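The values are calculated or read from the model by the stated rules, or taken from the named source; none is laboratory data. These numbers were taken from a predicted model, which means no experiment stands behind them. Methodologically, a virtual Cβ is constructed for each residue, glycine included, from the backbone with ideal geometry; neighbour enumeration extends over all protein chains shown. We work out accessible area using only protein heavy atoms, side chains counted, and drop any ligands, DNA or RNA first. Shrake-Rupley method; radii C 1.70, N 1.55, O 1.52, S 1.80 Å.
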There are 2 protein chains.
Amino acid sequence: MSDKDATVARAVLQQCLGASLMVKPAEEGSEAEYVQIERGMVIYICFFKGATDDILPKMVSSLLNLRLCESSSGKMVSVLDLPGSLLIVPQATLGGRAKGKAMQYHNNVNKEDGLRLYEAFVGLCENELSAKENVKVEHGTYGNRQVLKLDTNGPYTHIMEF
Amino acid sequence: MSDKDATVARAVLQQCLGASLMVKPAEEGSEAEYVQIERGMVIYICFFKGATDDILPKMVSSLLNLRLCESSSGKMVSVLDLPGSLLIVPQATLGGRAKGKAMQYHNNVNKEDGLRLYEAFVGLCENELSAKENVKVEHGTYGNRQVLKLDTNGPYTHIMEF
């Protein structure tokens, strides 16, 4: 993976026609709870050691303005221009490095800072989409199992590092 | 992304409960054709300039033997040990680099070499799984639109570079 010590976050982006994510597991007497979006983009996100809030505005601006989605006319446009919804998935496994057959996650940020950065990232995304009609921002529960269903017309999977 | 000039391939891995991929678009008089797997792993794969067949055995060995999947007992195991099926998705967008708001793919291998490497990669995966029962290798059509549906109990998204 990247040898740049300065890398503090990694995101995987997939456009979708629809996606759903569990935010609360089933318990005795209550069913599991899910959030869902229709057309838009799934953002899998992971922060590394050294990440600070300073990086977040640039990250959000890049991810929402880069032409990562396909419009109905076949042109590549940003999720803001689509316009599409966002499903934000905390995904600590993105920080994995292979050691033998095992994956190690030593470079990931600690849980407390990770949660704070994640919540701030979600908040900035919500701000960016707040003026748009018919789109929304949904997100997973940090530290939870990310039970995901995804339906795409071509995910156009991209990776961005910050 | 990685500044290592030696990086010749990138893969994104997601474990799945089930996944389907279109391999032939609908045409007049014929419906679209899909392949599908049940439990296993989706491998999104992209080759860069400089990639040669020499890298393939190591790639396949790593991706199939790394502990990227969760067993029914909650232990992380390889897709071979799960045992699970594979859905291989050619995904040229993994080579994208941002320039302004646009994504550029100048570092991707040319189409002819990419197709050859992709087919050889699929063949090696098929060999590795051939002795396993109740699992299979399915794959997308190179250069086609990759219409994907994915159902996970936590994708455990990982990125590997070679």
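The HN-Hα couplings worked out from phi for region A:31-36 by the Karplus form 6.51 cos²θ - 1.76 cosθ + 1.60 (θ = phi - 60°) are 7, 5, 10, 10, 10, 8 Hz, whole numbers, x standing for Gly and Pro.
The trypsin sites (Lys or Arg not before Pro) of region A:1-100 that meet both conditions, a loop assignment by DSSP and at most 16 other Cβ atoms within 10 Å of the site Cβ, are A:K4, A:K49, A:K75. Looking at the protein assembly as shown, what % of its DSSP beta bridges pair antiparallel, to the nearest 5? Expressed as a percentage, antiparallel bridges in the protein assembly as shown total about 75. If you take every DSSP beta bridge fully contained in chain A, what fraction is antiparallel? Give it as a percent rounded to 5. So the antiparallel bridges in chain A amount to around 75 percent. Residues in region A:113-124 carry Karplus couplings, in order, of 5, x, 5, 4, 5, 4, 5, 5, 4, 4, x, 5 Hz; the curve used is 6.51 cos²θ - 1.76 cosθ + 1.60 with θ = phi - 60°, and Gly or Pro positions show x.
Considering only B:P25, A:S130, B:L117, and ranking their Cα positions along the charge dipole of the protein assembly as shown that arises from unit charges at the beta-carbon of Lys, Arg, Asp and Glu, the one farthest toward the positive end is B:L117. Largest GNM mean-square fluctuation among B:G123, B:G50, B:G29, using chain B with Cα springs under 10 Å: B:G29. Straight Cα distances below 18 angstrom link B:K101 to the aspartates and glutamates A:E70, A:D81, A:E128, A:E161, with same-chain residues fewer than 8 positions distant left out. Which is the longest run of chain A containing none of the GluC sites (Glu not before Pro) found in DSSP loop states (not H, G, I, E, B) with at most 12 other C-beta atoms within 10 Å? Segment A:32-132 is the longest. Distances between equivalent label points of A:R145 across the copies, with each point positioned 7 Å along Cα→Cβ, amount to 3.5 nm, shortest listed first.
Under 5 Å between amide hydrogens, built in the peptide plane, is the criterion, and for B:G18 it picks out B:D151 among residues at least 5 positions away or on other chains. Inter-chain neighbour count for A:93-106: the average number of beta-carbon atoms from partner chains within 10 Å of each residue's beta-carbon is 4. Expressed as a whole number of Å, what is the distance separating the alpha-carbon centroids of region A:100-138 and region B:90-116? The distance from the Cα centre of region B:90-116 to that of region A:100-138 comes to 26 Å. For region B:145-160 versus region B:43-87, the spacing of their alpha-carbon centroids is 13 Å. Between this copy and the others, label points of B:N110 are 5.3 nm apart in ascending order, each placed 7 angstrom from Cα in the Cβ direction.
Based on every Cα atom in the protein assembly as shown, Rg and the maximum pairwise Cα distance Dmax equal 18.8, 57 Å. The HN-Hα couplings worked out from phi for region A:45-60 by the Karplus form 6.51 cos²θ - 1.76 cosθ + 1.60 (θ = phi - 60°) are 9, 9, 9, 10, 3, x, 5, 10, 4, 4, 6, 5, x, 5, 4, 4 Hz, whole numbers, x standing for Gly and Pro.
Taking every protein chain into account, the 1.4 Å probe leaves A:T141 with about 60 Å² of accessible area, to the nearest ten. Given R0 = 51 Å, the distance between the Cβ atoms of A:R97 and A:K132 translates into a calculated FRET efficiency of 0.85.
Share of pairwise Cα-Cα distances greater than 23 Å in region B:40-162 is 33 percent (whole percent). The dipole here belongs to the protein assembly as shown: it is taken about the Cα centre, uses +1 on the Cβ of Lys and Arg and -1 on the Cβ of Asp and Glu, and is about 700 debye. Dipole size of chain A about its Cα centre, with +1 on Lys/Arg Cβ and -1 on Asp/Glu Cβ: approximately 600 debye, rounded to the nearest 20. In nanometers and ordered shortest first, the copy-to-copy spacing of the A:S71 label point, defined 7 Å from Cα toward Cβ, is 5.1.
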